[in-house]
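Data first, discussion second: the structure below is written as structure tokens.
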Amino acid sequence: QVQLVESGGGLVQPGGSLRLSCVASGISVSSNQLGWYRQAAGKQRELVATIASGGSINYSDSAKGRFTISRDNAKNTVYLQMNSLKPEDTAVYYCNLKNFLLDRWGQGTQVTVSS
């Protein structure tokens, strides 16, 4: 059974950093597209970053220059390093795995940026 478990969220001050982790089980992250999405209260879920099986990376405009997505195949884990955090980055962050058969989500991890 394919499962995604996120961790690493929390409360951080503006300008701070967090690293989110997404551990996959039942499937290899190296062979699939993994992504991070976020959903702020009252808003639709939006793309943050994706990393394809071949390694190509895509970022939203709001993430470019501040966030970095990476993958550790040995740990079957995808990370999202978030720097220079802003209050508008406050949201629940979700990990997503997608291939032609699956579209699987984790349970989400809350990120709150506030002084």
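The values are calculated or read from the model by the stated rules, or taken from the named source; none is laboratory data. Since the model is a prediction, treat every value here as computed from it, not as a measurement. Because the Cβ atoms are built from the backbone with ideal geometry, glycine has one as well, and the counts that use them run over all protein chains shown. Heavy atoms of the whole protein, side chains included, go into the accessibility calculation; ligands, DNA and RNA do not. Shrake-Rupley method; radii C 1.70, N 1.55, O 1.52, S 1.80 Å.
So here's what we get for this one:
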{"item": "Residue ID - nearest to SER31 (Cα to Cα), chosen from residues in the range 80-109 that are open to solvent by 30 Å² or more (accessible area, probe 1.4 Å) and under 11 Å from the mean Cα position of the chain (by Cα)", "result": "TRP105"}
{"item": "Residues of the range 35-45 classified as exposed (fewer than 13 other Cβ atoms within 10 Å of the Cβ) and within 15 Å of PHE67 (Cα to Cα), total", "result": "0"}
{"item": "Those strands (runs of 3 or more DSSP E) lying entirely in the range 1-75 with at least 2 residues of a type outside the set (A, V, I, L, M, F, W, C) and within 14 Å of ARG104 (Cα to Cα)", "result": "3-7, 33-39"}
{"item": "Members of the range 17-34 found to be β-branched (Val, Ile, Thr) and either closer than 15 Å to ALA49 by Cβ or open to solvent by less than 60 Å² (accessible area, probe 1.4 Å) (or both), listed by number", "result": "ILE27, VAL29"}
